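A short write-up of the structure that comes next.
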Amino acid sequence: MQMLNFMAPIDGDPPLPENENANEEPEEEDIDDSHYESSGYEVSTETVTSAVYDFIYENGRKYHVYFGKDKYLLPMDEIEKDRLDLSHEIFFRLLDEKLHLAPIGDEPHRILDVGTGTGIWAIDMADEYPSAEIVGNDLSPVQPKWMPPNCRFEIVDAEAEWTYRPDHFDYVHMRNLSQAVTDWPFLIAEAYRCIQPGGFIECCELENVPRSDDGTLKEDDGVKTAMSLLGDALKLLGRPPFMSAAMLKKELEDAGFLDVVVTAVKYPFAPWPQDPKLKMVGAMVLMTEETAALTRILGMSQEDADRICTNAVNAVKDRNVHTYMFFNVVYGRKPESPVDP
Ligand SMILES: C[S@@+](CC[C@H](N)C(=O)[O-])C[C@H]1O[C@@H](n2cnc3c(N)ncnc32)[C@H](O)[C@@H]1O
């Protein structure tokens, strides 16, 4: 979604920069990639030292392009990194301060976080499980340089064949990847191959279908419109417009995982719930408002796209509209043997 994402300003935000930096060379950052490892498959370590830092600037935002212009549609700049870290806190609270739901035991050994983003989940897991080696992989080299000794990051395309050893990981975690993934069956099959017998996979996705239980969300609501257009754009890219709990469960079962467990929690768009935990989450979600950017894939004018984003942000600020989406956590177990269970 290079031009597809907009972080529409909300009250109190500084205005976004104009698009005057488009096509300008990004400022050279303090690049030290010695802590990165490559999977060695499509990306050699040598390559990582150079072109992996290729970014472009559009709409005043910074996009990573090393793996292709439309490969990942959200920007990867400081604003986005802050948004991802805040989202991590939201998901953590929604799961009652748990980093995962799969029963991985007290002493897991090898954990993979696919599409790790800022690496915040991987780092927290490394602190929580000193017995484990945590690998976080991502298209973009945006992870911090300092991390616990049992955590490391790799720059790879997770939709290319994985080079991890078969039966290697105790646990593979994927969170908030739904706008990025084209081929879920491939991704889940690669995870299945690289998880050891008895190990777990966990997929955590926002469903991206806005709802209300009391009819306050109307058909012409700004959030509904923005999400529906985002779905159209994803379809044009050959990606599923949304991932429901049932779709994730089916993907896991089709790949061969057993005992698939689904947990769906409400992700409110604003602090309208009575429940104090959800009210706090709603307030935090309001701070992360990210709306679909629609120019590149749907060919909208910047003006129209901005209008849709502003309408969506204004819509969630209306406390009389009780919008939420489901945050679905789906986990399953790789059979111990071909005859399990
Ligand atoms: C919305 S962020 C979620 C980050 C993290 N999982 C979290 O929940 O905080 C999606 C991340 O997936 C990464 N990503 C997208 N497509 C990918 C791919 N094919 N291979 C590896 N990483 C990918 C993006 O670069 C981005 O960092």
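The values are calculated or read from the model by the stated rules, or taken from the named source; none is laboratory data. In this text the structure is predicted, and so the values were computed from the model without any measurement. FYI the Cβ positions are ideal-geometry reconstructions off the backbone, even for glycines, and counts take in every protein chain you see. These accessible areas exclude ligands, DNA and RNA; they are computed on the full protein's heavy atoms, side chains included. Shrake-Rupley method; radii C 1.70, N 1.55, O 1.52, S 1.80 Å.
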query: In the full protein assembly as shown, how much of Thr225 is accessible to a 1.4 Å probe, in Å² to the nearest 10?
result: 60
message: Suppose each label sits 7 Å from its Cα in the direction of the beta carbon; what would the Asp167-Asp318 distance come out to in nanometres?
response: 5.8
- prompt: Nearest 0.05, what FRET efficiency do Asp106 and Glu336 give at R0 = 25 Å with Cβ-Cβ as r?
  reply: 0.85
- prompt: Given labels modelled 7 Å from the Cα in the Cβ direction, how far is it in nm from Asp85 to Trp146?
  reply: 1.2
- line: With a Förster distance of 56 angstrom and the Cβ-Cβ distance between Glu303 and Thr263, calculated FRET efficiency to the nearest 0.05 equals 0.85
message: Report, in listed order, any pair from Lys62/Lys235; Lys62/Lys145; Lys98/Lys250; Lys235/Lys334; Lys218/Lys279 with a Cα-Cα distance greater than 28 Å.
response: Lys235/Lys334
FRET efficiency for Glu128 and Leu236, using Cβ-Cβ distance with R0 set to 41 Å, rounded to 0.05: 0.55
message: Suppose the chain between Lys250 and Lys277 were pulled fully straight at 0.36 nm per residue; how much longer would it get relative to their current alpha carbon spacing?
response: 6.7 nm
